[in-house]
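Taking it in order: structure first as structure tokens, then the write-up.
The values are calculated or read from the model by the stated rules, or taken from the named source; none is laboratory data. Nothing here was measured: the structure is a model prediction, and the numbers come from that model. Glycine also receives a Cβ, built like all others from the backbone with ideal geometry; neighbour counts cover every protein chain displayed. Just so you know, the surface numbers come from the protein's heavy atoms only, side chains and all, with ligands and any DNA or RNA stripped out. Shrake-Rupley method; radii C 1.70, N 1.55, O 1.52, S 1.80 Å.
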Amino acid sequence: MATVYVPTPIRRLTGGQAKVDVAGANVADLIQAVDAAYPGVAERLLDDDGNLKRFINVFVNDDEIRTLDGLATPVGEKDKISIVPAMAGGSSNRTENRRE
Amino acid sequence: MSRLTRDQLIALARREINEIAPQELASQVDAGRYAIIDIRERDEFVQGHIPGAHFIPRGFLELQIEQHAPDRETPLVIYCAGGVRSALAARNLQEMGYSNVHSLISGFNGWKNAGYPFTVPAVLSEEQRIRYSRHTLLNEIGEAGQIKLLESKVLLIGAGGLGSPAAMYLAAAGVGTLGIVDFDTVDLSNLQRQLLHGNSDVGRPKVDSAIDRLHAINPDVEVIGYREPITSRNAREIIRDYDVVLNGSDNFPTRYLVNDACRLLGKPLVDASIFMFEGQVTVYQPPIPEQGIAGGPCYRCLYPDPPPPGEVPSCAEAGVLGVLPGIVGSLQAIEAIKLLAGFGEPLVGRLLMIDTLDMSFRTLNVARDPHCPVCGVTPTVTELIDYEQFCGLPASNGHVHEPVNGHVNGRVSVEA
Ligand SMILES: [Zn+2]
């Protein structure tokens, strides 16, 4: 089973789990496997056409899948898959002030 | 054992060594034929020296010369103030096997009086030598690196959670000029993590309390406050003057804006963001071929489009561990210092992921996107755009973003 590292914003869907071990032949399979266990995850990662959303990066081990074979990138038993969403936090209150 | 007077010893030395006249050295100095060594005391050297001369005080000459001239055949010119100390020193070097040593006749005084050029080096003051001694002890920084830091300018976007530790460490490190862009005032809820500001600062403009705090740490540092939001209108103007930009902003429009402005101006951007217990740090370094800098990806290479508004909760909505920006902002300060002083391997093309829940630090490789609209093969973004609109927020109509203190045009510069 490969290990999928779940980023903080999505852990609400995985019951707080930071790592999920799932089986699959490639990255797309793994996302569906995580989604089967924790419904809603795929929707957070993929757009309506099934492509990775453009503010989310996925890495197999140390490398971003765009530099590999995208969602078709094969994954092995010991591989670590990291999901890295864009985060804006710098920790002041400006966003809130702007929206007031 | 023979006994020599002072004058006899000097005369003996002069007979045994070669001397060189100022005019002859002057004709060779540009060709770089000689390695020139200044053996005077430090206080003499700092008042002016022959261009390109290495400083090795007389007392250390024999101990350190091999580091500067490992080859005994190296043509050397050594000089002191008037040509006496250098004659004695040259004789010692000959004894060490240096076969091509010259002592400068009449020394630096003769050189200067003949009207030849000299340089006055930037040096640390006595107080600075003590203040920065733990830096100058490091070979990677040394006195030259510390002087570079003192001559450097870093711009911090935001004086909040990330900007606080970054600014304080950069000030302590002696980065000569710190610019801080923040139009916020200090709120009680900031104090859990924003160490630039204290209890008595609540209600004050953040740039004001930041300036006070940074000067209390290090009065050497000039701090320039920009009490205004950074916008497409002022970004180039503000960023242009700085060597490195640190991004600690809390919203996507500013992140895209600062990325694009830094790329267009060729400025390295040390980017970081935090969320709850998790942080990301990376360096977006534009390529600068003439300096041999290959560069790496930009923010848009990683995140071509922003998330739709509301999809990613903010720290104000989800919370953030107060210590987390302390770590992440400090890492940004380290990266800035490495870039400025030119040592180590910056986080270019690498994204550091920090999860403080299981305390894992992972470094992932990130690559340039040839289709990137800003730094790709055929860029489509060649000037700053409306980033509110780009991020799906109501387009800027101006009045929301005007500085609270009413200075609409130009920057609000708060120099102390
Ligand atoms: Zn790019």
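The table below gives the values:
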item	result
Accessible heavy-atom area order of B:His215, B:His102, B:His54, highest first, probe of 1.4 Å	B:His54, B:His215, B:His102
Sequence-distant residues sharing a close amide H with B:Leu156 (under 5 Å, placed H)	B:Gly179, B:Ile180, B:Val181, B:Leu246
Rounded, prolate or oblate (a/c below 1.5 giving rounded, otherwise prolate when a/b exceeds b/c) for chain B by Cα gyration tensor	prolate
In order through region B:16-30: 3J(HN,Hα) via Karplus (6.51 cos²θ - 1.76 cosθ + 1.60), integer Hz, x for Gly, Pro	8, 10, 9, 10, 10, 7, x, 5, 5, 4, 4, 6, 9, 5, 6
Accessible-area order (highest first, 1.4 angstrom probe) of the listed residues B:Leu170, B:Leu384	B:Leu384, B:Leu170
Listed residues B:Tyr116, B:His215, B:Ala159: farthest to the positive end of the dipole of chain B (Cβ charges)	B:Tyr116
Shielding by other protein chains, B:311-320, mean Cβ within 10 Å	6
With at most 16 neighbouring Cβ atoms within 10 Å, loop chymotrypsin sites (Phe, Trp or Tyr not before Pro) (DSSP) excluded, longest segment of chain B	B:119-342
DSSP-defined antiparallel bridges as percent of all bridges, the protein assembly as shown, nearest 5	50
Theoretical ellipticity at 222 nm over chain A - DSSP helices of four or more residues, -39500 (n - 2.57) apiece, nearest 500	-5500 deg cm²/dmol
Shielding of A:61-67 by partner chains, average beta-carbon count, 10 Å	5
Accessible surface, per residue, of the protein assembly as shown when the full set of protein chains is kept, probe 1.4 Å, Å²	44
All lysines inside 20 Å of B:Lys267 as judged from Cα atoms, apart from same-chain residues fewer than 8 positions distant	B:Lys148, B:Lys153, B:Lys338
Total accessible area lost when A and B pair, probe 1.4 Å, Å² to nearest 100	4000
Length-normalised contact order for chain B - Cα pairs under 8 Å, 6+ apart - percent	13
Rounded, prolate or oblate (a/c below 1.5 giving rounded, otherwise prolate when a/b exceeds b/c) for region B:347-398 by Cα gyration tensor	oblate
By average C-beta atoms within 10 angstrom, highest first, the peptides B:86-95, A:29-38	B:86-95, A:29-38
Under Karplus coefficients 6.51, -1.76 and 1.60, residue-wise ³J(HN,Hα) of region B:231-244 in Hz, glycine/proline x	9, 4, 6, 10, 4, 4, 4, 6, 6, 3, 7, 9, 8, 9
Centroid-to-centroid separation of region B:180-202 and region B:357-386 [C-alpha atoms, Å]	31
Two-site FRET efficiency, A:Asn61 against B:Asn139, from Cβ-Cβ distance with R₀ of 35 Å, rounded to 0.05	0.55
Exposure rank, largest accessible area first [A:Lys53, A:Lys19; 1.4 Å]	A:Lys19, A:Lys53
For the protein assembly as shown, Kirkwood radius (reciprocal of mean inverse C-alpha pair distance, Å)	26.2
Sequence-distant lysines (8 or more away, or on other chains) whose Cα lies within less than 23 Å of A:Lys80	A:Lys19, A:Lys53
Between region B:54-86 and region B:11-37, the Cα center-to-center distance that results, in Å	12
Summed side-chain charge close to B:Lys338 - residues other than B:Lys338 whose Cβ falls under 11 Å, Lys, Arg +1, Asp, Glu -1	-3
Accessible area of A:Asp69 in the full protein assembly, 1.4 Å probe (Å², nearest 10)	100
Amide hydrogen neighbours beyond the local backbone of B:Ser360, cut-off 5 Å, H modeled	B:Asp355
Prolate/oblate/rounded call for chain A, Cα gyration tensor, a/c under 1.5 rounded	prolate
DSSP beta bridge pairing in chain B, given as percent antiparallel to the nearest 5	45
Antiparallel DSSP beta bridges within region B:6-121, percent to nearest 5	10
Inter-chain shielding of B:323-336 (mean C-beta neighbours from other protein chains, 10 Å cut-off)	1
Whole-Hz ³J(HN,Hα) from phi, Karplus 6.51 cos²θ - 1.76 cosθ + 1.60, for region A:53-69, glycine and proline x	4, 7, 10, 10, 10, 10, 10, 9, 6, 9, 10, 6, 6, 4, 7, 10, 10
Mean-position separation - Cα centroids, region B:240-268 and region B:272-340, in angstrom	11
